[in-house]
Amino acid sequence: MDRIRISGGRRLEGFIPISGAKNAALPLMIASLLTSETMTLHNVPRLSDVRLLMRILGNHGVDAAISGKRIGQSDESGETITLSARDIVDTTAPYELVSRMRASFWVVAPLLARMGEARVSLPGGCAIGTRPVDLLLMALEKLGASIEIDSGYVIAKAPKGLRGGLIDFPKVTVGGTHVALMAASLAHGTTEIHNAAREPEVADLAECLIKMGARIEGIGTSRIVIEGVSRLGGAHHHVLPDRIETGTYAMAVAMTGGDVMLGGARSDLLQSALGVLQQAGVEVLTSDLGIRIRRNGNGLMPVDIETQPFPGFPTDLQAQFMALMTRADGNSRIHETIFENRFMHVQELARLGAKIRLDGDVAYVEGRTRLTGAPVMATDLRASVSLVIAALAAEGETLVNRVYHLDRGFEALEKKLFRCGADIERLSGER
């Protein structure tokens, strides 16, 4: 199993290209099941989760092709993937595939909408809380589906097709909004989604569905209205840049000091996180090229945060920000409101010398901490990259184990950091 070795203490300087957003690419790929025509997605990141989802879609009969590399294209350049679900050959998504990636459960929506039935295993994924699928299933029931759970599988049926309805989510759910959008696009009549997720990745899916022929209003707001159509066509769509990768590298630069341009990054996708960095004393400069992050010599101020649905501070940047706050000139408070078990990185950060006290869903971080290298273990995707950020500023050598978590969500991470001056390398296989 691969590991990443990091020797800390080097400034980051240079240019990091921001990849396409994993959290946008996955639902866009799943939406290919809604049409018998071809969908072409550009700027798809090279990630293990993308490869796994291609296998899952192939199980349903989707033909997938990846375009070859073009002249001048680097390993970090997004791929172009063509997906064709002309004939759906199987409406079952088996446990051995779905259990490996939580988002793959969302295939239940297009399969049900297009075929009138779906049998999908209950999901697995990162161990950061229960993240139940009850709101996703509630959305399908509001559209007229019958739902049963038998032997670990969700069996959804709508033999006469789905019909429009009112979906009023009791709390914001990104997955539930994705599912509702896809299902309602092919439902008979009008669907209203209240308390819809406003995340940019949700808007990206809605915009792609419109290109396919869907009728959707209210994109980017908490109230979305969908007028169902009888069929959807193909489309070409460019995946938006990854705001979580952007925030992660911004915090890495802030952690080590330095000056890095995050190429292709969009500030409108993470204004809250960038605002927090500015409060901490980090210089944030936006331009047509992307976002430039700079911290040359000045200290970091402590900032208290609370994770919130978009446009608030993202839960997917909480672990990275916690690592950053160990270097602040004072103590900070981090309140996690989205997932109930998303502090598993605290123990591993402590192995590097971090001083963090937990009280329920609140973490108190002591700043001005001296970090020293040590072997650490990745527990989930975002937690693992927080260890990388901390290791970049730690004295001595850190070995990050179980880096397959990183490969799920960060494209060419060690290459991007190495080119900006980090002493970082991947060690292949058991050692």
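Taken together, the values in this text are just the output of simple stated rules run on the coordinates, not laboratory data. Just so it is clear, the model here is predicted, and its values are computed rather than measured. All Cβ positions, even for glycine, are placed from backbone atoms using ideal geometry, and neighbour counts span all protein chains on display.
Things to note:
- When the alpha-carbon atoms of the chain are used, the pair Rg, Dmax equals 21.6, 65 angstrom.
- Trypsin sites (Lys or Arg not before Pro) within the range 145-188: DSSP coil, no more than 16 neighbouring Cβ in 10 Å: K160, K171
- Taking the convex hull of the alpha carbon positions in the range 201-349 and averaging its projected area over all directions gives 10.7 nm².
- Ordering of 145-151, 37-43, 214-220 by packing [mean C-beta count within 10 Å, highest first]: 37-43, 214-220, 145-151
- The range 134-251 - share of DSSP beta bridges that are antiparallel (%, nearest 5): 75
- Cβ-defined net charge surrounding H194, 13 Å radius [Lys, Arg +1; Asp, Glu -1]: +2
- Which of P132, I193, M325, positive extreme of dipole for the chain (C-beta unit charges): M325
- Beta bridges by DSSP in the range 22-238, antiparallel share as percent, to the nearest 5: 75
- Within straight-line reach of K416, meaning a Cα separation under 28 Å, sit the following lysines at least 8 residues removed in sequence or on another chain: K22, K69.
- Percent of C-alpha pairs per 5 Å bin, the range 180-227, short to long: 5, 26, 37, 25, 7, 0
- For the peptides 2-9, 284-291, 387-394, the ranking by packing is 387-394, 2-9, 284-291, with the highest mean count of neighbouring Cβ atoms within 10 Å listed first.
- Whether the range 82-235 is rounded, prolate or oblate, judged on the alpha carbon gyration tensor where a/c under 1.5 counts as rounded: rounded
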